[in-house]
Amino acid sequence: MSTNAPAALPDFRFATPPRIALVVSRFNEDITGGLRKGALEWLGEHAISVADADLIAAPGAFELPLIAQALARTGRYHGVICLGCVIKGDTAHFEFISLGAATGLMQASLATGVPIAFGILTTYTEEQAIVRSRPDAHNKGREAAAACVESIAILQAIAS
């Protein structure tokens, strides 16, 4: 049986909760605000808090990779969660922003060795984005937070 949902997450046990930066695009703020809430709720459910100083607003999705890489390079964070929303319009702009953000975040994570979660919605309609940012179990901000924390745990297990 195949499902779109990831398998249940393991019970993470950290000696001290990981320090995570949360970077959220201000573009499409109605959507990204829902993603932000979802990520913070998931983290809170797992006893991981994000300090106000670690909540960073980015102008848009295209700027997320550079900001995430700069945060990762400080050495202060175990992981960085990036949230944004790009909705297709009438031009090729959507494709360039989506690909640039995805590739940039992957390169930043590989260059720094710090998990950088891709929580950028790339939808064809606003309705699709709204569905993915609702306050429920399918909120993609929640999923990005879970992916970041799981990656941190895996990397720590590999290192030990």
### Task
Kindly provide the set of residues from the range 69-81 that are part of a helix (DSSP H, G or I) and more than 18 Å from Ile48 (Cβ to Cβ), ordered by number.
Gln69, Ala70, Arg73
### Query
Is there any pair with a first residue in the range 24-41 that is of a type in the set (Ser, Thr, Tyr) and a second that is surrounded by 20 or more Cβ atoms within 10 Å (Cβ to Cβ) and in a helix (DSSP H, G or I) whose Cβ atoms are under 6 Å apart and which are 6 or more apart or on different chains, and what are they?
Ser25/Thr32; Ser25/Ala61
### Summary
Only one of (1) modelled with pLDDT of 95 or more; (2) more than 15 Å from Ile152 (Cα to Cα); (3) of a type in the set (Phe, Trp, Tyr) does not apply to Tyr77, and that is (2)
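Table: residues versus (1) of a type in the set (S, T, N, Q); (2) more than 13 Å from the chain's Cα centre (by Cα); (3) in a helix (DSSP H, G or I).
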{"position": "Ala21", "(1), (2), (3)": "no, no, no"}
{"position": "Val24", "(1), (2), (3)": "no, no, no"}
{"position": "Gly33", "(1), (2), (3)": "no, no, yes"}
{"position": "Ala39", "(1), (2), (3)": "no, no, yes"}
{"position": "Leu43", "(1), (2), (3)": "no, no, yes"}
{"position": "Ala53", "(1), (2), (3)": "no, yes, yes"}
{"position": "Leu83", "(1), (2), (3)": "no, no, no"}
{"position": "Val86", "(1), (2), (3)": "no, yes, no"}
### Task
Please enumerate the residues belonging to the range 104-123 that are of a type outside the set (A, V, I, L, M, F, W, C) and outside any strand (DSSP E or B).
Gly104, Gln107, Ser109, Thr112, Gly113, Pro115
### Message
Please pick out the residue among Ala129, Ala146 that is touching a Cys at 6+ places or on another chain (Cβ under 8 Å) and small (Gly, Ala, Ser).
### Response
Ala129
## Note on the structure
When (1) modelled with pLDDT under 95; (2) more than 19 Å from Ile31 (Cβ to Cβ); (3) exposed (fewer than 14 other Cβ atoms within 10 Å of the Cβ) are applied to Ala153, the one that fails is (3)
### Query
Restricting to the range 13-33, what's the tally of residues that are out of contact with any Gly (no Cβ under 7 Å at 6 or more places or on another chain) and surrounded by 20 or more Cβ atoms within 10 Å (Cβ to Cβ)?
6
### Query
What is the one condition in (1) within 14 Å of the chain's Cα centre (by Cα); (2) within 25 Å of Asp136 (Cα to Cα) that Glu63 does not satisfy?
(2)
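The values are calculated or read from the model by the stated rules, or taken from the named source; none is laboratory data. The model shown is predicted, which means the values in this text are computed figures rather than measured ones. So basically every Cβ, Gly included, is an ideal-geometry build from the backbone, and we count neighbours across all protein chains shown.
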